[in-house]
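Here's the structure we're looking at; comments come further down.
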Amino acid sequence: MRYAIVDTETTGLDPDRAAILEICVVVLEGGRRVDRFWSRIRPTEEELAMAEPKALEVNGYAARPEAWDDAPTFGEVAEKIAAVLDGSVAVGHNVQFDLAMIRASFRRHGFAGRVPYRAVDTITLAFEHLFPLGLRSSSMDKIRRFLGWSAWGAHTAAQDVEDTLALFQLLYRAGWWTRARIRLARWAGWRVAV
């Protein structure tokens, strides 16, 4: 099975108006990491004019817009994004949002790339396996805290995709033994290892 773990950072929540500012995709085949694509994406002036200020603050663009000065445009990376997603089951934390953003960006830039229709959402996995252990919110920030993971680099596509990958690997085929390990680690105050 080929999985593409994907995360995007965007200028807003509406795929028809927002642009992708950063994307990271890690590809697993047979349980092994075989590819990784990461890029910041330089927004156009029009995209910035429609941006939500809170979104730009959360993903770091507001604090350091110069970090995007040398970034490629979406059109320059669209083919690579399509290639790493090709033939994969998409995995993400609220994965349908990321796929909708990619699909809308392909459409806006006149690119005929396809987005996977098969997907695994780690929010569903968290609900199934972590809510019975006491988790009360499915946000990645709350999951990191619940599992004792660092929040360093949160809300960057590169770090969020790594944490989503770790969560996927921890929970995808989780059974009673995984839940017992999580319970023990939380009781002892340990970081939950994947």
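The values are calculated or read from the model by the stated rules, or taken from the named source; none is laboratory data. Not measured: the values here are computed from a predicted model. Cβ: placed from backbone, ideal geometry, glycine included. Neighbour counts: every protein chain shown. Note: accessible area is taken over every heavy atom of the protein model, side chains too, but ligands, DNA and RNA are not part of it. Shrake-Rupley method; radii C 1.70, N 1.55, O 1.52, S 1.80 Å.
Name the residues in the stretch 101-126 that are open to solvent by less than 20 Å² (accessible area, probe 1.4 Å), in contact with a Ser or Thr (Cβ under 9 Å, 6 or more places away or on another chain), hydrophobic (A, V, I, L, M, F, W, C) and closer than 19 Å to Glu9 by Cβ, would you?
Correct list: Met101, Ile102.
Could you tell me how many of the residues in the stretch 99-124 are aliphatic (A, V, I, L, M) and over 25 Å from Met1 (Cβ atoms)?
2
Among all residue pairs at least 6 apart or on different chains, which show Cβ distances below 8 Å where the first residue, located in the stretch 166-179, is within 13 Å of Val192 (Cα to Cα) and modelled with pLDDT of 80 or more and the second is small (Gly, Ala, Ser) and part of a helix (DSSP H, G or I)?
If the second residue must be small (Gly, Ala, Ser) and part of a helix (DSSP H, G or I), the pairs left are Leu167/Ala126; Leu171/Ala126.
So how many residues does the stretch 1-60 have that are farther than 22 Å from Gly110 by Cβ, in contact with a helix residue (DSSP H, G or I) (Cβ under 9 Å, 6 or more places away or on another chain), part of a loop (DSSP other than H, G, I, E, B) and in contact (Cβ under 8 Å) with a residue 12 or more places away in the chain?
The qualifying residues number 3.
Could you please give the count of residues in the stretch 157-194 that are over 22 Å from Val89 (Cα atoms) and within 21 Å of the chain's Cα centre (by Cα)?
So the count comes out to 2.
Filtering the stretch 180-194 down to residues that are free of Cβ contacts under 8 Å to residues at least 40 places away in the same chain, more than 27 Å from Phe37 (Cα to Cα) and among the aliphatic types (A, V, I, L, M), which residue is surrounded by the fewest Cβ atoms within 10 Å (Cβ to Cβ)?
Ala188
Got at least one residue in the stretch 15-26 being over 20 Å from the mean Cα position of the chain (by Cα) and open to solvent by 20 Å² or more (accessible area, probe 1.4 Å)?
no
With the requirement that a residue be in a helix (DSSP H, G or I), open to solvent by 20 Å² or more (accessible area, probe 1.4 Å) and in contact (Cβ under 8 Å) with a residue 24 or more places away in the chain, what does the stretch 147-159 give you?
Ala158 - this is the single residue of the stretch 147-159 that is in a helix (DSSP H, G or I), open to solvent by 20 Å² or more (accessible area, probe 1.4 Å) and in contact (Cβ under 8 Å) with a residue 24 or more places away in the chain.
How many of the residues making up the stretch 76-96 are open to solvent by less than 50 Å² (accessible area, probe 1.4 Å) and either touching a helix residue (DSSP H, G or I) at 6+ places or on another chain (Cβ under 9 Å) or in contact (Cβ under 8 Å) with a residue 60 or more places away in the chain (or both)?
Count: 12.
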